[in-house]
Amino acid sequence: MPKVIITHAVAEIDRWLAGSADRAAAIESASGSNVTDYVAHDGSTNVAITADVADLEQMAAMLSAPPPDALEKMEQHGVVPPITAYVQA
């Protein structure tokens, strides 16, 4: 199962971290598991998420066109586009 890294900026780190359970649930709904959050060490508002992904097409579809409930959560958590995904080679 390949590992995926998702990166983006956020409005506020603490606000984003407070949504960890919602974020994990959304990623798990798109075939992800072992979801882990990371914050930039340089103090910026850049973040990363890693997950093991069983279905890369399903994850790509969710990231390119998030369902309305996911978009709402992203806004609540302060996600700032663009969102970039990296897939383990």
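The values are calculated or read from the model by the stated rules, or taken from the named source; none is laboratory data. Because the structure is a prediction, the values reported are computed rather than measured. Every residue, glycine as well, gets a Cβ built from its backbone with ideal geometry; the counts of neighbours run over all protein chains shown. For the accessible areas, the whole protein counts, side chains as well, though only heavy atoms, and no ligand, DNA or RNA atoms are used. Shrake-Rupley method; radii C 1.70, N 1.55, O 1.52, S 1.80 Å.
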Near pairs, Cβ below 6 angstrom, 6+ apart or cross-chain, from region 1-22 (aromatic (Phe, Trp, Tyr) and surrounded by 13 or more Cβ atoms within 10 Å (Cβ to Cβ)) to any residue that is at pLDDT 95 or above and in a helix (DSSP H, G or I): Trp16/His77
Residue ID - nearest to Ser29 (Cα to Cα), chosen from residues in region 47-61 that are in a helix (DSSP H, G or I) and touching a strand residue (DSSP E or B) at 6+ places or on another chain (Cβ under 8 Å): Met59
Contacts under 9 angstrom Cβ, first residue in region 24-46 being under 23 Å from Leu71 (Cβ atoms) and in contact (Cβ under 8 Å) with a residue 24 or more places away in the chain, partner assigned to a helix (DSSP H, G or I) and of a type in the set (Lys, Arg), 6 or more apart: Ala26/Lys73
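Being farther than 15 Å from His8 by Cβ, more than 13 Å from the chain's Cα centre (by Cα), of a type in the set (A, V, I, L, M) and open to solvent by 80 Å² or more (accessible area, probe 1.4 Å) narrows it down to one of Ala54, Ala89, so name that one. Give the steps one after another, and end with the answer.
Values: Ala54 fails: open to solvent by 80 Å² or more (accessible area, probe 1.4 Å).
None of the others qualify; the one that does is Ala89.
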Flag for Pro81 being farther than 15 Å from Ile5 by Cβ, surrounded by fewer than 17 Cβ atoms within 10 Å (Cβ to Cβ) and modelled with pLDDT of 95 or more: yes
Residues of region 57-72 satisfying the condition of being within 22 Å of Tyr86 (Cα to Cα) and open to solvent by 70 Å² or more (accessible area, probe 1.4 Å): Glu57, Gln58, Ser64, Leu71
Qualifying residue in region 26-37 (condition: among the hydroxyl-bearing types (Ser, Thr, Tyr), loosely packed, with under 12 Cβ neighbours inside 10 Å, at pLDDT 95 or above and assigned to a loop (DSSP other than H, G, I, E, B)): no
